[in-house]
1. Give me Leu136, Leu216, Leu184 sorted ascending by neighbouring Cβ count inside 10 Å, so fewest comes first.
2. Regarding segment 37-212, what's the average projected area of the Cα-atom convex hull, expressed in nm²?
3. Based on the Cβ-Cβ distance from Thr195 to Thr150, what FRET efficiency comes out when R0 is 35 Å, to the nearest 0.05?
4. Quick one: Cα centre-to-centre distance for segment 122-160 and segment 58-120, in angstrom?
Amino acid sequence: MANSASTTATHGGEPTRRDFLFIATATVATVGAVATLVPLIDQMNPDASTLAAGGPVDVDVSKIGEGSQIVVRWRERPIWIYHRSKQTLDMLQNTKDTSLLSDPDSKAMQQPPYAQNWHRSVKPEYGVLVGICTHLGCIPLFFPNPSATTPVANWIGGYFCPCHGSKYDAAGRVYSGVPAPYNLPVPPYHFLNDTTIRIGEDPPNNAWNFDSILQL
Ligand code: FES
């Protein structure tokens, strides 16, 4: 809390998005340690020199069970890889649900062109997202199967940001009427083979500038 207070005071007003990311990272790290909702699989972690350089990270997705999600780190950001079930994919296409979204067709450039589709990914069954809320930078929580009332009523599930209540679906598309203005970012990535994703590198002949994204 001491860090939070001093950071805010430096700017003499409301916390900026950068401040909030700093504050929220520490806060959510504690939540994650308790809940262990998102296991890190050791062999999926790149070596320290790769992380330090911000280079590509290869992930074996064959170990992710259907309905489960893992988190890897790329460029010091959490990257979620979600193995979505057929039921979840059906929900992503249900117009009753998509009518509640702010940008259902992903018109805002929060993803590379090769992920500008209804599933916002290269392969429908694997969602790959930067896990940082587009409001003020909290790390949303993963709710693949919410109850009728938890964490909020009448929501099909996906990602919920506890900081100010923003909701995203299982493709990271933000709901209308919440504080977050944009869909969750999609990082550059491609499949090296059927079971290996390389995060941080576009598919061949698909050069895209990750820094052109609207809101990280
Ligand atoms: S940081 Fe405000 S809703 Fe996520």
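1. Ascending number of Cβ neighbours within 10 Å: Leu216, Leu136, Leu184.
2. With every direction weighted equally, the projected area is 9.8 nm².
3. Between Thr195 and Thr150 the formula returns 0.55.
4. So the two Cα centres are separated by 10 Å.
Laboratory data are not the source of any read-out in this text; all were calculated from the coordinates shown. Here the structure is a predicted model, which is why all the values come from computation and not from measurement. Note that each Cβ is placed from the backbone with ideal geometry, even for glycine, and that neighbours are counted across all protein chains shown.
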